[in-house]
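Working notes, beginning with the structure itself.
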Amino acid sequence: METIFDAIKNIALKIDNAIKTSEGGYATSSNVTGDTQLKLDILSDKIIEEELKKLPSIKAIVSEEKENLLTLNNNASYYVCYDPLDGSSIVDYNLSVGSIFGIYENKLDGANIIASAYVVYGPKVEVVITTKANKPKLYRLYDNEFKFIKEISMQEEGKINAPGGTQKNWYPHHKALIEALFQKGYRLRYSGGMVPDLHQVLLKGGGLFSYPGTTDKPKGKLRALFEVIPFALTFIEAGGYAIDDKGVSLLECVPKFLHDTTPCFFGSKNEIELVKEFYNGK
Ligand code: AHM
Ligand code: MG
């Protein structure tokens, strides 16, 4: 597993460099979900594939930017599912973006994720690595080396609210939940990049990030294997919570296909209890 984490740190250096030095803008292709791909999406995907191909412990990789699973070593047991460059809609405007990785053993579902990692490409480059039953570990890049900074732990309540999804398509109970948080004094923090938005909730020790099902997208937008389940592991190991719109832990999520999506709520204890109250029976 350590070799996979080392590869992810290497990947982070290379993608950070690509973001800073390569041309922005769109390619002519689109991915499976129908998003038009950025040149940087394709380049980041290529960087990750090349690095992970070197590792004999990986059975297969699944990328947000590839339609099918790519088998690397038949006799190995780890699958790495990744979103190479999360935040396609904001990277050309110089907001922070990220890469997300989920490492699964034997099967691709929430119960079988054994580790996750994400990289934040912001004013600083940071990597957060989580293994099952251990607090997430934060590393920061200094002089081309990742230095361990601290373990991440969440409190029972925070002060920030990061509500995703097109507001005109929110269900009434979701609208009521978000309004209730603002009435309690929560402040809006939403950049449009789940990596920096979730990173902020985690490091501030609490709050809520939601990407709900909406009238136009009842299963939400965020992809289970590359985005939601990896962050669910991070939040839960940090002492927080990650649930779907039925109140079920996202570590019980079983995607129906590789690019399946799910409504998702990540946060600290009190905010997640409030989500359950407003969603009860809906
Ligand atoms: P992407 O993988 O195409 O970049 O999409 C995922 C991103 C998340 O980072 C973010 O939370 C969400 O899309 C934002 O969506 P919206 O623009 O609907 O707020
Ligand atoms: Mg993404």
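The values are calculated or read from the model by the stated rules, or taken from the named source; none is laboratory data. Source: prediction; values computed, not measured. Cβ: placed from backbone, ideal geometry, glycine included. Neighbour counts: every protein chain shown. For accessibility, only protein heavy atoms count, side chains too; no ligands or nucleic acids. Shrake-Rupley method; radii C 1.70, N 1.55, O 1.52, S 1.80 Å.
Just to confirm my filter: which strands (runs of 3 or more DSSP E) fall fully inside the stretch 21-76 and include at least 1 residues that are closer than 16 Å to SER99 by Cβ, touching a residue at least 12 places away in the same chain (Cβ under 8 Å) and not assigned by TED's automatic domain parsing to the domain that holds ASP260?
Details: elements: 26-30, 36-38, 58-63.
Hits in the stretch 21-76: 36-38, 58-63.
Within the stretch 97-118, the set of residues being touching a residue at least 24 places away in the same chain (Cβ under 8 Å), open to solvent by 30 Å² or more (accessible area, probe 1.4 Å) and either within 16 Å of ligand 1 (Cβ to nearest atom) or in a helix (DSSP H, G or I) (or both) comprises ALA111 only.
Against the definition (within 20 Å of the chain's Cα centre (by Cα), at pLDDT below 90 and open to solvent by less than 60 Å² (accessible area, probe 1.4 Å)), how does GLY34 come out, yes or no?
So GLY34 passes the test.
It is to be established whether one or more residues within the stretch 170-184 are among the hydroxyl-bearing types (Ser, Thr, Tyr) and away from ligand 1 (no atom under 13 Å from the Cβ). Checking the stretch 170-184: at least one residue is among the hydroxyl-bearing types (Ser, Thr, Tyr) and away from ligand 1 (no atom under 13 Å from the Cβ).
The selection criterion, being among the hydroxyl-bearing types (Ser, Thr, Tyr), within 16 Å of ligand 2 (Cβ to nearest atom), surrounded by 14 or more Cβ atoms within 10 Å (Cβ to Cβ) and at pLDDT 95 or above, does not hold for TYR79.
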